[in-house]
Amino acid sequence: MSYPPRTHLLVCLLVGLSCTNLAIGQTITGLSPSSLQAGSGGFVLTVGGSNFNSESKVELVTSSGVQTLQTYFINANLLMAGVYSGDVLNPGTVQVEVANYSTQSNSAPSNLYVLAAGSGSGSGSGSGTGLGTGSGSGSGSGSGSGSGSGSGSGGSSGCYMCAPGSGSGSGSGSGSGTGSGTGSGSGSSGGSTTSPAGSDLLVKVTSPSSSQSVNGSVTIAATAQQTSQTDGSVTFWGIFDSGNMLWYDRNPDTSINLNLALSSGSHKLQVEAYDDSNTSSTATVPVVSTSSGKTVNWNACMYTTGGQQYQAMKISSTQPVTGVLQSQMFWNSNCDPVQWTDQLNDVGSTTTLGGGSFGYLYYFIHRANTPNVSAVWTIGNQTSGCVNYNTAPACN
């Protein structure tokens, strides 16, 4: 488990009483550079602020999720972090925040502006190349094309610790390619199901077996390993039921073993492992549940406090349930695991939700006024499935 849990403020409203767990805050007061030209290359970002320590990590919040940077602690008011060239290829705004897993706190985000290239003076020339790839299934073939551009450099100076960015030139190129291949579906042998041949990772599900009959809950045990298709390793897991996310694990585990409650009826469980290029490999296992094991009622809503709206979940249960309450958030409406952005986890501590008329309200605090996200909530073997906060009603 190399990814420690990120925990933000978790507020529980229980029969009119509230309990609050507030972590020590960190603050960003400035970035240097605060802006740079797109495509200017990798650089060192200096982050000024307060309450930093040796456990503080600088993170970039992008449309693809949260990326933790190599961070150097200077003192309680200063951090330095390496930003790769690929993070600033395109113009736009990148949010920067500081996380501290030991104190379970995150700073408010600060904006890093990536400007369109072309400022300054000078001249330059560039050239580009294209690359096309193709893939097919069965006996079909595919083709692709690409284009590239280049830029030159002149003599004007750039911002602090930015690569010089002056003058511009452009070039273009194109390419094409074709490919063909054969595909096969998930196979099962000896009670196990595997991902299709040609997958980047070999995902093997040893429980449940294909078309197994279960009684309200299912134990899912699986492993993943590299194949000749990739040199990447496992970075995270997702479990879906006919495309609806049930569970997510943002850890580079080579095996998983968990129990999930199911509703009564037929289910198509998709066990997915992702490599470090965010490519998924899937083993699909159909099962039938003879009864429902669902005991928790999940009602997603937007909670307003202090003039801000937060993504929340009202939770009640028909019987007591014990476990670690977690929620994983994504920058989309359908819980696409590649676009993970945040995690709510009460410091990994076990919680018991009472049954009957007891009600609870939990909410994130780090994505205020951001309805364009989705999340999956779990406690024990209970899961909310994917909830879309674009359509969530008001809590209060």
Checklist outcome for this item: Over all viewing directions the Cα convex hull of the stretch 343-396 casts an average projected area in nm² of 4.8 nm²
Next on the checklist: Given Cβ point charges of +1 (Lys, Arg) and -1 (Asp, Glu) and nothing else, what value in debye, to the nearest 20, does the dipole of the stretch 262-396 about its Cα centre take?
Outcome noted: 440 debye
Next on the checklist: Please give the Cα centre distance for the stretch 207-234 versus the stretch 328-396, rounded to the nearest Å.
Outcome noted: 25 Å
Checklist entry - How much of the accessible area of the stretch 188-247, in percent, comes from carbon and sulfur atoms when a 1.4 Å probe is used? => result 40 percent
Item to check | Qualifying lysines (Cα of each under 25 Å from Cα of LYS204; at least 8 residues distant if same chain) | outcome: LYS268
Checklist outcome for this item: Log10 I(q)/I(0) at q = 0.22, 0.30, 0.36 Å⁻¹ for the stretch 240-279, from Debye over equal alpha-carbon scatterers, is -0.85, -1.28, -1.45
Next on the checklist: Between THR352 and THR206, what's the calculated FRET efficiency when r is the beta-carbon distance and R0 is 35 Å? Round to 0.05.
Outcome noted: 0.70
Checklist entry - At a probe size of 1.4 Å, how large is the accessible area of TYR363, to the nearest 10 Å²? => result 20 Å²
Item to check | Label-zone membership for the stretch 64-107, site GLU55, 7 angstrom Cα→C-beta point, backbone N under 17 Å | outcome: 71-77, 98-107
Checklist outcome for this item: So, relative contact order of the stretch 257-352 in percent, Cα under 8 Å, 6 or more apart, is 19 percent
Checklist entry - Which value, in nm² and rounded to one decimal, describes the direction-averaged projected area of the C-alpha convex hull of the stretch 209-317? => result 8.8 nm²
Item to check | Under Karplus coefficients 6.51, -1.76 and 1.60, residue-wise ³J(HN,Hα) of the stretch 383-392 in Hz, glycine/proline x | outcome: 9, 7, x, 6, 10, 9, 7, 5, 10, 6
Checklist outcome for this item: Subtracting the Cα-Cα distance of THR391 and ALA197 from 0.36 nm times their residue separation yields 66.0 nm
Next on the checklist: Within 14 Å, Cβ to Cβ, of VAL218, how many net charges do the neighbouring residues add up to if Lys/Arg are +1 and Asp/Glu are -1?
Outcome noted: +1
Checklist entry - Averaged per residue, what accessible surface does the stretch 238-396 expose to a 1.4 Å probe, in Å²? => result 37 Å²
Checklist outcome for this item: Here the stretch 270-277 yields Karplus 3J(HN,Hα) values (6.51, -1.76, 1.60; θ = phi - 60°; whole Hz; Gly and Pro given as x) of 10, 9, 10, 10, 10, 8, 6, 9
Checklist entry - Ignoring ligands and nucleic acids, what accessible area does THR254 show with a 1.4 Å probe (Å², nearest 10)? => result 90 Å²
Checklist entry - Ordered by residue, what ³J(HN,Hα) values in Hz, to whole numbers, does the stretch 208-215 give under the Karplus form 6.51 cos²θ - 1.76 cosθ + 1.60, where θ = phi - 60° and Gly and Pro are x? => result x, 7, 4, 6, 5, 9, 10, 10
Item to check | Inter-site label distance for ALA108 and SER291 at 7 Å from Cα along Cβ, in nm | outcome: 5.2 nm
Item to check | Where labels lie 7 Å past Cα in the beta-carbon direction, separation of ILE74 and SER32 in nm | outcome: 0.6 nm
Checklist entry - So, in nm, how far is label ASN215 from label THR318 when the simple model puts each one 7 Å beyond its Cα toward the Cβ? => result 1.7 nm
Item to check | Reference-scaled alpha-carbon Rg (2.2 N^0.38 Å with N residues) for the stretch 258-383 | outcome: 1.16
Checklist entry - How much accessible area does TYR84 have with a 1.4 Å probe, in Å² rounded to the nearest 10? => result 150 Å²
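The values are calculated or read from the model by the stated rules, or taken from the named source; none is laboratory data. Since the model is a prediction, treat every value here as computed from it, not as a measurement. Please note: Cβ atoms are built from the backbone with ideal geometry, for glycine as well, and neighbour counts cover all protein chains shown. Calculation scope for accessible area: heavy atoms of the full protein, side chains included, ligands and nucleic acids excluded. Shrake-Rupley method; radii C 1.70, N 1.55, O 1.52, S 1.80 Å.
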